[in-house]
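Rule-based calculations on the coordinates, nothing more; no lab input. What you are looking at is a predicted structure, and each value in this text was computed from that prediction instead of being measured. When we count neighbours, we look across all protein chains shown, and the Cβ atoms used for this are built from the backbone with ideal geometry, even at glycine.
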């Protein structure tokens, strides 16, 4: 890829993915129940080898994959992305035993993963986590003393608290969970754990959200975890979380670009055919100018996403800034494009089952999850002033 265009092979692969999403994945998505994990869809993603690519692809290829799937089937794109988000910490920081146990099942679409970071009082401020890991058997001992004791004798912890707005909860087979072990203040006292869903004391319930993919709440009532469940070192969990988010933030932008491109193409087709005022809508200057703005913003967002992914693949030191810029611009752009696409279509776009009605519900959440737009602006400003 140059700084301005994809290569012929990349364009061909994206076209194949869009066709695959429409022909093989869309029918499975339509059979799924909104708000529930679609296991047949996951199994098909595994059978097609697409889940494998989440773990073996560079950031740019992951962006192309997510953008292309989003164009034809947002449910398939989201299912694929959530597998990567939940299991990437296992790939990057897990033990050989954890990787052997879980990653082949995730890649095949047989095990469902989830990334459990957000809490009722800690969404955008991820360092403010309250889920507590208390030294097992150490009633009254928490924080640094409990953590150091656990490290010293190889014992475990008990997790107590809540996680909220967790994608794939409560139906996932395992969770990457971030809890406060107290080695230091704020982000320095967070540890990552791999918690199988069948652990005693772990329960959950689904949440009825605007977006159609599964989201739920988890309750931890003294859930036991031990050294064998650690993802990385005690007190280093926040870095595990941020490394995962830095990898996936550009591809969240790619998801948004895929939705924007789908909305733009639908708008071009509609305004070129819809007759009004003695011609077609596209003949009206107001309409043509709006479509031109939609197309320009979409292309700008697409290029920024690709640039951020390229920086990640190259090991550039400015990845946090570029990733934040890519997610910010792409998700805000997608909201703009989809909203104007609905306006240009009129009432038909508000009917249940219409592509734009679906995109209108889907496009709102990416401006919030994996760091809200305001958080991305904060990251960008801090990096610029560093």
task: Can you tell me the 0 to 90 degree angle between the C-alpha axis of helix 59-72 and the longest principal axis of the chain, rounded to 10?
output: 60
task: Evaluate E = 1/(1 + (r/R0)^6) for residue 293 and residue 22, where r is the Cβ-Cβ distance and R0 equals 30 Å; express this FRET efficiency to the nearest 0.05.
output: 0.65
Candidates 278, 222, 353, ranked by Gaussian network fluctuation over the chain, Cα under 10 Å, top entry: 278
statement: Footprinting proxy, 336, 306, 175: sorted fewest to most Cβ within 10 Å, the residues are 336, 306, 175
query: Where a ≥ b ≥ c are the square roots of the eigenvalues of the C-alpha gyration tensor, would you call segment 186-319 rounded, which needs a/c under 1.5, or, failing that, prolate if a/b is larger than b/c, or oblate?
result: oblate
Full-extension gain in nm, residue 99 to residue 130, via 0.36 nm per residue minus C-alpha separation: 8.4 nm
message: Within segment 193-212, list the residues whose amide N lies under 20 Å from a label point set 7 Å along Cα→Cβ of residue 110.
response: 195-199
task: Mind checking the full-extension length gain between residue 171 and residue 228? Use 0.36 nm per residue of separation minus the Cα-Cα distance, one decimal, nm.
output: 18.2 nm
Global geometry of segment 8-108, whether rounded, prolate or oblate, following the gyration tensor of its Cα atoms and the 1.5 cut on a/c: oblate
field: Estimated inter-spin distance, residue 198 and residue 30, nm [label 7 Å along Cα→Cβ]
entry: 3.7
FRET E, pair residue 280, residue 52, Förster distance 41 Å, beta-carbon r, rounded to 0.05: 0.35
- request: Quickly estimate the mean residue ellipticity at 222 nm for the chain, helices only: each DSSP H run with n ≥ 4 gives -39500 (n - 2.57), and the total goes over all residues, rounded to 500.
  value: -18000 deg cm²/dmol
- request: Express the relative contact order of segment 239-385 as a whole percentage, based on alpha carbon pairs under 8 Å and six or more residues apart in sequence.
  value: 32
field: Relative contact order of the chain, defined on C-alpha pairs under 8 angstrom at six or more residues apart (%)
entry: 16
- prompt: Roughly what angle does helix 143-153 make with the longest principal axis of the chain, taking Cα atoms, 0 to 90 degrees, to the nearest 10?
  reply: 70
- request: Normalise the Cα radius of gyration of segment 6-58 by 2.2 N^0.38 Å (N = residues in it) and let me know the number.
  value: 1.28
- prompt: Which whole number of Å³ per residue matches the convex hull of the alpha-carbon atoms in segment 230-293?
  reply: 91
task: Kindly express, to the nearest 10 degrees and within the range 0 to 90, the angle between helix 74-93's C-alpha long axis and the longest C-alpha principal axis of the chain.
output: 30
field: segment 1-89: relative contact order in percent, alpha carbon pairs under 8 Å with at least 6 residues between
entry: 37
- prompt: When the chain is treated as a GNM, springs tying every alpha-carbon pair under 10 Å, which of 114, 260, 300 comes out with the largest mean-square fluctuation?
  reply: 300
message: Please compute the volume of the convex hull spanned by the alpha-carbon atoms of segment 239-385 and report it per residue in Å³.
response: 107
statement: Ranked by GNM mean-square fluctuation in the chain (Cα springs under 10 Å), the top entry among 368, 215, 166 is 368
DSSP beta bridges in the chain [antiparallel fraction, %, rounded to 5]: 85
